[in-house]
Amino acid sequence: MKNDHYNKNRQSISIWKRIGFLSDVPCPKCGQIGKIFIDEYDDWACIYCNEWFTEPCNDPKCPYCSKRPDTPYEVYWKAKDMPADAAAIKRWRQDNYAHKERGKLRHEKKRE
């Protein structure tokens, strides 16, 4: 049986995956596997250190650095408040419905 801590951690990782690409490479500062590439800001960050790996450029016209927040957690909290793409969630559920045994049986029964 999964405990509450496991479920909350899994939900947190799911939100980080919506934001960007989680890498298997450990962070050079803390050593934990939490490096993430955030596409919106075109930069790497650590979800455990809560720091960006590079400093923003000083160009005010830069589409990435000009709107980048101070910490990656600000991106996380913004993404946490936004709902996930409903169409993508629905498509995932439809695709995975037939993979489960009971779903497969129900699906075949409906087709008869």
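Laboratory data are not the source of any read-out in this text; all were calculated from the coordinates shown. Predicted model, so just to flag it, every value in this text is computed and none were measured. Methodologically, a virtual Cβ is constructed for each residue, glycine included, from the backbone with ideal geometry; neighbour enumeration extends over all protein chains shown.
Below, the figures for the structure above:
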read-out	value
0 to 90° range, to nearest 10: angle between helix 101-111 axis and the chain longest Cα axis	60
Alpha-carbon gyration tensor eigenvalues x 5, square-rooted, for the chain, Å	36, 18, 12
Above-threshold pairs, the threshold being 23 Å between Cα atoms, out of Lys29/Lys67; Lys8/Lys67; Lys29/Lys61; Lys17/Lys61; Lys17/Lys78; Lys8/Lys80	Lys29/Lys67; Lys8/Lys67; Lys29/Lys61; Lys17/Lys61
C-alpha long axis of helix 86-97 to longest principal axis of the chain, angle in °	40
Between helix 72-81 and the chain: long-axis angle, C-alpha atoms, 0 to 90°, nearest 10	40
For the chain, the longest site-free run once trypsin sites (Lys or Arg not before Pro) in DSSP loop states with at most 12 other Cβ atoms within 10 Å are removed	68-99
